[in-house]
Every structure is written in C-alpha cells, then in structure tokens.
Amino acid sequence: MTTATAPARVLIAKPGLDGHDRGAKVVARALRDAGFEVIYTGIRQTPEMIVQAAVQEDVDAIGLSILSGAHLDLLPAIVNGLRENGLDIPVFSGGIIPKEDYEALKEMGITAIFGPGTSLKDIVDFTREVTGTPSPED
Amino acid sequence: MTNGSNMSKQEWLESVYGPAVARNKERQDRFETTSEIEIDPLYDPSDVTESEFASKVGYPARYPFTRGVQPTMYRGRLWTMRQYAGFASAEETNRRYQYLLEQGQTGLSMAFDLPTQTGYDSDAPLALGEVGKVGVPVAHVEDMAIVFDGIDLAKVSTSMTINATASILLAYYIAVARREGVPTKELRGTVQNDILKEYIARGTYIYPPAPSMRLITDLFEYCATETPAWNTISISGYHMREAGSTAAQEIAFTIADAIAYVDAAIAAGLKVDDFGPQLSFFFVAQSNLLEEVAKYRAARRLWAKIMVERFGSENPRSQMLRFHTQTAGVTLTAQQPDNNVVRSTLQALAAVLGGTQSLHVNSKDEALALPSEDAVTLSLRTQQVLAYESGVTDTVDPLAGSYFVEAMTDKLEEEARAYIERIDKMGGAVRAIENGFPQQEIGDASYKYQTQVESRERTVVGVNSFTSGDETPMEILRINPEETKRQVDRLERVRRERDGHKAQATLEHLEAVAKSSDNSMPAIIDCVEAGATTGEICDVLRGVFGMHKELLVV
C-alpha cells in the first residue's frame, strides 16, 4: 500500500471451465475484510480475460483459484500474458494442486501456492507482504 | 432427592443438570447443528408429540415416507453402490468401469470432463488443459460407445452427472443402446439435468434459465414415454452444501428448485403424475451424523407433502423422494489424508441410516487429485463393510423414535419450509437465483464456517488441531497427456469420416426446432446419430438461446 487512503488492489480470478468458487469467494471476502480492494472476476475466465482484467483494473496482485487440474496449462498462460503486457506483479494460486507441481509452477512465475487447509490469515499476511501493506498491528 | 424414575425433563434440568453445569462449565456455551439449530442437552418424550407420531413418521412406503420409500428397505435390496468415475479418455474410463463392476459395484456413475459439461469439443480453445481432467471427454457417439464397450446396457444402471448438455449425453446413450439392440424402454439410469443448482453453485451452465428450463422439460416429456425407467433429473442439494450451505438450506434450496421444475413441466402441458415418478434427488452426507439422518427424513416428508398439497399428486411414486448420496468432498483434508477414510465412513453411515437409494463414498486422496484405483477400491470396500458387516441394514429406519432424531427432523423440516416460503414470495427459485438470494445465503454461511475454523471455534482434525508436521506424499492419479491426443485424433477422424452433409442437415433441423416450441430431444438424437459433436450441437443452441452471464455475488 502506497498511502493510507489507497488500499492495494487484488484481482481474484477463476481460470478455465471450473465452477468451484467457494474458495475464491472466501478468499475474496477475507482480503476485502482485511482492507484490500478486491476485484472478483467470476468463473470461466480465459487467460486472456484475466490478463485484460489485471491491466484494466491496475491491480497490485492476482490470486488464481483452480480445482480442475488444468493448472499446468492455464497458470503459465496467465503469467506469460502478464509479462507480455509489462505487468510484473505477484501471482498466487490455490485450489487442488498436487504438491509435486509446486516447483514447476514456481519456476513458471507463480509466487506462492496455497493448498487445501491454508488459513486465511496466511493468505492475508502474504498479500500484505507482497503489496507492501502494513498490517494493522504495525 | 427426587428419584429419576418420576422426574420430568424440566425437573431434571433444574435439579440435576443445572447444578452440574454451575459446578463445571460445559465444553461450549452453546451447542448447535450446522443449521444453527440449538441442541438441548437431552431429549425425551416431551420433545416428540405422541399424537403426531403416526401422521409425521408413519410407516415405510407409506405417505409421508419419513421412514423410507420401500417397504423392506435394505432387508430387500441394498442401496446401489455407485462410485463416481471417469477420467483421461473413453478407453481409460471403460477400463475403470470394468474394474469397478468386477469388484462388486452395482451401478455406474459417469463423471464428464468440463468441456463436455460446458458444450465444447476436446479441441476447442476453451478446452485447453481441461480434456479428461475431471471426467471423461465425450464429444461424439463413438466416445460413448467405447466407454460402454463390453458393458450390457440392458443390465447396468448408469447415472450421469451432466446438466447443461444432459439431452446430448442422454442422446449418445440412447444411440449406443439402439446400435446394440437394447430397447430404450429397458434403459435404467439418471441424468442430473439440474440446471438451477448450476447457477447457484456448480457453474456448468451454458444458456440462460428460460431456454435451459425448456430443454429440461423437453427431456421429461420425451423420457416419460421413450425411457420410462430412466430418472430424468437428479435435483441436487449436494453442490450447494459443498459450496457452504447449511443442512436446512440444502433441503430448502433443493426442494425450491424441484418446485420450479414441476411448475415448468406443468406449464409446458405435462401432468404431475406423468413425470413425477421419474424425478430423483441428490444430497451430500456430511459429518454431523444425526443432523444428516434427520435431514434425509425431513426432506422425504417435506417433498411428499408438497407433491400432494401443492401439486395434487395422486400417485405415491411421484411423492417418494428417492435420492443418491455422496460423502462430503469439502471435508477431505490434504493433511493426514488417512483421516479422510474415517470421515467418509462416518458420512456413509449417515446416508445409510437415512435411507439412501444409492451411494458414492469419496476417496482419501481427493483433496489432491482424482482418486487412484487403490483409493477407489477402499471406498467401495467401505460401502461393502457397511452393507454386510455393520448390521444397520437389518431393520428399516433404525433411528426412528429417537427423541433427538425426531425432534431434529421436525426442526429441519420447519426451517426448510420457512426458506421455501421466502423463495415463494420472491416469485420462485428462478427469480430468487436471478436476484442472487441462494448465492448470498451460501456465501455468508461458507464465510462464517471458514472464520470459525480460523478462530478454532470449529475443530478440523489434522488441520487446525492435532497437526503432525510434514506429511509423506501420496501416490496420486495423473492424466497422461497422450490420452488427450488420442481423444483429439479420434474427434478429427469422426468429423472426417461422417457424412458431412447429413450431419449439417440434422444441425440445421435442430436450429429450426430450437426456435420453435417442438420437443428438442428427437432432433438432438438425429444429430448425434449423424455424427454431430457435443460442441457443434451446443454451438447451434448457443446461437438460438444465447449464453448465461454470471451474477457476481461475493
């Protein structure tokens, strides 16, 4: 966060055809309650749509939720699209992603992966850290 | 001191329970179910009105069916053991089905991949990364024929989790049966065909509500005469509960959707008792054992009353709420995955004690991936242990008469009815969904649940309590990319080798039918028999009906 009056903006997006949106919505709400400005795309977003939303909304971070198993195809497409548009912002993801894919995804440019059972506090703390938002206790 | 044998509940609360709690506080200030119904420390005959027992609870196979829909329940025939499966390709899925049947499974349950569910062919740009991931891709009739290669459609019953594209997938199944000379009147199974919950929770809609409802009632009408043993819909609370609803909301939103389907079918000119017997339901089995048992009993009673009181049904078959159950995917944890076996067993027991007609037990590895063959086998064995070793199958509705279960059944019915009244006032389920009402209620409940887990007000073993550090990685199922290639190659071959003019003509005919008010099923069957693909058929319908736009409710 750059100033006290302008909260960091976070895009929460659901790439692919997957309709499981419970996690994305809960995270969106938790980040909003923590003071972030959250833009939620809804489901069925193509990588191009997500990149476009990130550019248009001028977001500071992106959270991607995917449970369909298409993460190895869709997440790199999003990261590459962001790079092509000159956006160098942290991208984190959650959903059903096997541990053995974490390394590959991080190499492709995903900053962090929050698997099942992650506490909301960890996601909020992470988002504060990567967007330079001080926590209320600081 | 008063002797326990001549004490009332009130006296016991005041003279025994009260002082005990004053000395030692209970574990919680308030005990409640997932539906926020407060649980008393004790239930006794004063919680169940004796005079109402006969009319409320009654007998199995008799209105209002609280105790179950069959006279003998599991003494006569066990529930259908139906593990939801499908992945990679038609060939791999056929192998898994053959394996499950060899292991003693008694019905099939098809999982389709997302392109098939949302109306895209395996080579469509939107299918990138999704082919064969959450289910089997079925892009044309040849895929369906391979899935059922060596499986007798006259003998097996097949449930298909398919909604927006239900007519097309049923058409493939009918086409395969015709090829094999199996009379369609003998086909047994279910298409989920429940679009309303897709708008609320599951997300595989294609068209807006009105044309979607028309496709559904077309299927009802067609199946009433052509496939009378087929369940034309499985009205589902499962996904709404998985998305975060409470048990009371699960009953209420499911039955509100059911009311909307019955209304739509009646408006389309059908008679309630012509299509009513083919309606079926689908609920989750969560971990709160007794609340879940009460939920199934309350749902059965509520549906029976609604069919009689609201729709004037006279056929008991239409009034019976027959349901499939699946254990709760959301309760599976990636941490200490062996615990999931215990959770699923407990949940499956709830379904059986609640009188389910068929059951899927989730596998321990599903917080990470689709289940491996070993994990699925264990799920099937769980069902078999419950069926053959637990003894709970030996009498009908064994928990009836439990003061607590009966009181909870009453309470859940009451809460669900109150929600349905609210939805009625909004103009019914379709309007309520367009206004985002169930979505908002579910979002609120799921967020509340998560904050309770965060604050440890709610314990999740191995996740927020009793944790044990690093876990040894499990062997999980991975989809071989070669299978996708095989799928796409076959799709290209089917497009090349079919009579292109004929396929085109059937698609054009479908377009004309879609624009008219004629039943769409025969035209869709013509398309699939001419080799048209899932994507092509949906492109035609998207052109006529348009596409649904999500109402964002966060």
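Any read-out appearing in this document is the output of simple, stated calculations on the displayed coordinates, not a laboratory observation. Given the structure is predicted, the values throughout are model-derived calculations rather than measurements. Positions of Cβ are generated from backbone atoms using ideal geometry, with glycine treated the same way; all protein chains shown enter the neighbour counts.
Miscellaneous remarks
- Each Cα pair under 8 Å and six or more residues apart adds its separation to the average, and for the range A:53-138 the resulting relative contact order is 30 percent.
- Counting only other chain Cβ atoms within 10 Å of each residue's Cβ, the peptide A:39-46 averages 4.
- Loop-located GluC sites (Glu not before Pro) in the range B:391-459 whose Cβ has at most 16 other Cβ within 10 Å (DSSP): B:Glu457
- Mean separation of Cα contacts under 8 Å (6+ apart) over length of chain B, as relative contact order %: 19
- Three-way shape call for the range B:399-554 based on the alpha-carbon gyration tensor, with the a/c threshold at 1.5: oblate
- Cα gyration tensor shape of the range A:38-138, rounded if a/c is under 1.5, else prolate or oblate by comparing a/b with b/c: oblate
- Taken residue by residue and averaged, Cβ atoms of other chains lying within 10 Å of the Cβ of A:95-105 number 3.
- Counting Cβ atoms of other protein chains within 10 Å of each residue's Cβ and taking the mean over peptide A:67-73 gives 6.
- When the trypsin sites (Lys or Arg not before Pro) in the range B:40-145 are filtered for DSSP coil states and for at most 15 other beta-carbon atoms within 10 Å of their beta-carbon, the remaining sites are B:Arg62, B:Arg77.
- By definition, a body whose alpha carbon gyration tensor gives a ≥ b ≥ c is oblate when a/c is 1.5 or more and a/b is not larger than b/c, and the protein assembly as shown fits this oblate description.
- Value of relative contact order over the range B:446-554, rounded to a whole percent, pairs C-alpha under 8 Å and six or more apart: 19
- Between the range B:425-493 and the range B:22-62, the Cα center-to-center distance that results, in Å: 31
- Förster radius 45 Å - calculated FRET efficiency between B:Asp263 and B:Asn3 (Cβ-Cβ, nearest 0.05): 0.20
- Separation between Cα centres of the range A:5-33 and the range B:380-401, rounded to whole Å: 42
- Residues whose amide H comes within less than 5 Å of that of B:Ala111, counting only those at least five positions distant or on another chain, are B:Ala85, B:Gly86, B:Val136 (H built at 1.01 Å from N in the peptide plane).
- Listed pairs A:Lys25/B:Lys425; A:Lys121/B:Lys364; A:Lys106/B:Lys549; B:Lys9/B:Lys411 exceeding 21 Å between Cα atoms: A:Lys25/B:Lys425; A:Lys121/B:Lys364; A:Lys106/B:Lys549
- Within chain B, the longest segment free of exposed loop sites, counting chymotrypsin sites (Phe, Trp or Tyr not before Pro) that fall outside DSSP classes H, G, I, E and B and have at most 15 other Cβ atoms within 10 Å, spans B:32-465.
- Estimated purely from DSSP H runs of n ≥ 4, each contributing -39500 (n - 2.57), the mean residue ellipticity at 222 nm for the protein assembly as shown is -14000 deg cm²/dmol once divided by its residues.
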